[in-house]
1. Write down the Å³ per residue value for the convex hull defined by the alpha carbon atoms of the range 31-178.
2. Suppose the chain between Y275 and D28 were pulled fully straight at 0.36 nm per residue; how much longer would it get relative to their current alpha carbon spacing?
3. Select from the chain the helices, each a whole stretch of DSSP H, whose alpha-carbon atoms run 30 Å or more along the helix axis and whose Kyte-Doolittle mean is at least 0.5; answer none if there are none.
4. Which one of D251, D85, D67 has the biggest mean-square fluctuation once the chain is modelled by GNM with Cα springs under 10 Å?
5. For L42 and E117, calculate 0.36 nm times their separation in residues minus their Cα-Cα distance, and state this gained length in nm to one decimal.
6. To the nearest 500 deg cm²/dmol, what mean residue ellipticity at 222 nm is calculated for the chain from DSSP H runs of n ≥ 4 alone, each contributing -39,500 (n - 2.57), summed and divided by the residues?
7. Amide H neighbours of K58 under 5 Å, at least 5 residues apart or on other chains, H built in the peptide plane: list them.
8. Taking Cα pairs under 8 Å and at least six residues apart, what relative contact order does the chain come out at, in percent?
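Taken together, the values in this text are just the output of simple stated rules run on the coordinates, not laboratory data. The shown structure was predicted, so the numbers you read here are calculated from the model rather than taken from an experiment. Note that we place each Cβ from the backbone using ideal geometry, even for glycine, and neighbour counts take in every protein chain shown.
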Amino acid sequence: MKVETTFASKQMSRHHQGIRLAKNLIRDKYLYLLLAPGLIYLLIFRYLPMYGIIIAFKDYNILLGMDASPWVGFEQFTRLFRSPDFVEILRNTILISLYKLFFGFSVPIILSLLLNELKNGLFKRFTQSIIYLPHFVSWVILSGIVMAFLNPVDGTVNFAIKQFGGQPIDFLIDTNYFRSILVSSSVFKEAGWGTIIYLAAISGVNADLYEASRVDGAGKLKQAWHVTLPSIRPVIIIMMVLSLANILEADFQQVYLLYNPLVYSVADIIDTYVYRVGIQEANYSLGAAAGVFKSAVAMLFIVSANRIVKKFGQDGLW
């Protein structure tokens, strides 16, 4: 009898939840209508293409098609892991991503703290516009600017080196400099754009906290360290977790436009390997296996980071 009562109550609860959901859909129909284009975009360009993952588990033949190609299981992954280039491309991808994460993550926070101290509103907006601008410049254009600046014949950097009595350096074919060029150009392009979220978080900090710190004799530096940064710590943690999801995302477009065979040993990453092997050499299954591996590692990182953050008492992504 008790089991029947519990089952009946659950059914009633589900019925009420269904009615409530229907009422909410009718009430907010225009909001859901506005949401529809974004959902349709995600469905068509993000979720439906996931079916193509099966290519990584097949010996894909473009003439046979995706479904008719023979199933080979994890053979493509075995080939990938046994490839003599795999360790090198994995090391390059992780190192470049970590360098970008370390330098690219901290610079927007520092810029936000500095911009927050600007009192002249017009100058502050002008400065923000200037540092946002590189984000809207494509890598095609920015890579051309980088190559022009670093040109060993008439580039600005080498001109300065020669003026001080040094010998010109071909930075883009020197393995000692190439990763630094990738990291510094990436930070230059995205640092300003990254300040938007942190400035929004800083604007929500309680002004009374600054007043109390000034009464205690804290200067600007101590206010930033003891008031601003602790107040925006949840935002910093969320952004860090999201950044870890891109730990194997070293920016294909930037690397592809700047690298060359002479720096493959320090610049060849998973994405360029997928393009070169999967597209140019028409080895689609091996390229897909590399892409699936990258996605799996990214998911592992973001789930692990989220759990670690929650264990330390902070709010995670879910």
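1. Numbers: hull volume 38.1 nm³, N = 148.
Cα convex hull per residue, to the nearest whole number: 258 Å³.
2. Values: separation 247, 0.36 × 247 = 88.92 nm, distance 4.44 nm.
Here the segment from Y275 to D28 would lengthen by 84.5 nm.
3. On the way: long enough: 2-27 (37 Å, -0.77); 86-116 (45 Å, 1.52); 178-203 (38 Å, 0.98); 284-311 (41 Å, 0.98).
Within the chain the helices that satisfy the rule are 86-116, 178-203, 284-311.
4. Residue with maximal mean-square fluctuation among D251, D85, D67: D67.
5. Values: separation 75, 0.36 × 75 = 27.00 nm, distance 3.93 nm.
Residue separation times 0.36 nm, minus the Cα-Cα distance, leaves 23.1 nm.
6. Calculated at 222 nm, the ellipticity per residue is -20500 deg cm²/dmol.
7. V72
8. 24 percent
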